[in-house]
Amino acid sequence: MKNREIIRTSLAIYLPSLLVQLGASLTMSFNVLWSRDLGAGVAMIGLIAAGNGIGSLLFDLPGGWIGGKIREKPFMIAAVGGLVLTGIFKAAATRPWQLLGIGIFMGMCVSAWGIGRLAYIRKNIPRRYRGRTLAFMGGIMRVARIATPALGGLIIQFLGFRVLYGVQAFLFASALVLLLVMMKDGSYLESGQAPAASVLKETFAKNGRNIVAAMIGIGGLQLLRISRNLIFPLWADSIGMSALLIGGFTSAGGMVETAMVVPAGITLDRAGRKWAAVPCTLGFALSMALMPLALTPAALAGVYLLMSLSNGLGSGINMTISSDLAPKNAAAEFLGIWRFVTDTSRLTGPLIAGSVAAAVSLPAAPLTAASAGLISAAVLLFAMDEPGRKRQMPARNRQKPSRNMDAPGRSRQMPGRDEQRPGRINQEPGQKNQSPTSPD
């Protein structure tokens, strides 16, 4: 594939992804406030906040199956079209239960969008460029999360919640237009090609240990990432930091992670996926383990810097490893299974951290997360092979050249047992060798 074609294919994904992420991040911090204004109680607010995760988890497996039956482009168009509807419906909502239903539906659309996007990249971007492509995708997500919350707050302050969700619908609609215009069609299941179930069965039979190890390792990393959103603010508040300072730390950390996008992509493609995944998970776990020792804002700043550097090194690692392991002829189905595992980790992470903090103590929560991270790093290091690279044949099994083939002046073929040698005649077994000139 030519570089120009790779750039065009990447832009067809990058630009819609940027607009989708801008739309999602614009309202992420304000969904709870909108549900409160509509009269939701504390329990209902919690359900609404979990709606996206519930919808995504419910749709991961069926979404992978559906995505494998149709082309990637119409699948992504349907997903982003659904996101447009969620923005419109949220702007028009009048009851909290409506927001819950919309949130679940939005999670289903996000799942479909993620599966279709990765399946498209898996089929259209060569492996040697895939790490940089997906690391940059992770950078797009981080930039959107830094830029849009402040804009969302300004819109609410001067125009209200309904305008905010109207702007979100507009951003999603713009992404939909770009998909229609820029993205080339994918491919249907070719005639004579094995069905997806057979391909998946063969993939897990041949590479099951590696896939399970990768799922455990990346699932642990996802648990660390989502737990940070709960543990860091609670710990910062416990040592007396203000909300303004906590927000400043979060924004600065996002900038550090964004700056790590290019080194992360180069590491993924040139050194290998494990060289990014293992240091990322190990550094993240170490920073979690150090958090109970950070008793001043300055000390916590150092811990959070290490955490951000580590997480930035893993930019795009989840998408890259999953697309590497996905079989080309059943990519969507495989990615649906992968998302189900990682989404389960994302849902359970805050539950585990919150339960440990409530039942034991707040310092025990980051230590528990750190333990999970260390286990994940060990699994990635020792149990997972480098994804997408074939194992080298052991030296003892490699065919060595024959000594006769290497020696100059010698015949390349050993004489057979029954071949006539100079000065001898063929004889029956048991007879003595006779010279052709010897008398009878």
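Here are some notes:
- Within the stretch 134-160, residues that are over 15 Å from Ala264 (Cα atoms) and among the hydroxyl-bearing types (Ser, Thr, Tyr) reach partners that are crowded, with 19+ Cβ neighbours inside 10 Å and at pLDDT 85 or above with beta carbons closer than 7 Å, at six or more positions or on different chains, in the pairs Thr148/Leu22; Thr148/Ser25; Thr148/Leu26.
- Residues that are surrounded by fewer than 17 Cβ atoms within 10 Å (Cβ to Cβ), free of Cβ contacts under 8 Å to residues at least 40 places away in the same chain and over 23 Å from the mean Cα position of the chain (by Cα) within the stretch 264-303 comprise Leu293, Ala298, Ala299, Gly302, listed in sequence order.
- Any hit, the stretch 110-117, residues being within 23 Å of Gln222 (Cβ to Cβ) and either modelled with pLDDT under 85 or not assigned by TED's automatic domain parsing to the domain that holds Gly160 (or both): no
- Which numbered condition Ile13 fails, given (1) assigned to a helix (DSSP H, G or I); (2) more than 25 Å from Ile337 (Cα to Cα): (2)
- Leading residue by the ranking (surrounded by the most Cβ atoms within 10 Å (Cβ to Cβ)) among those in the stretch 345-361 that are closer than 25 Å to Gly217 by Cα and hydrophobic (A, V, I, L, M, F, W, C): Ala353
- Of the numbered criteria (1) surrounded by 15 or more Cβ atoms within 10 Å (Cβ to Cβ); (2) touching a residue at least 40 places away in the same chain (Cβ under 8 Å), the one Leu306 fails is (2).
- In the stretch 135-183, the residue that is nearest to Val84 (Cα to Cα) out of those that are basic (Lys, Arg) and within 23 Å of the chain's Cα centre (by Cα) is Arg145.
The values are calculated or read from the model by the stated rules, or taken from the named source; none is laboratory data. In this text the structure is predicted, and so the values were computed from the model without any measurement. Positions of Cβ are backbone-derived with ideal geometry, glycine not excepted, and every protein chain shown enters the neighbour counts.
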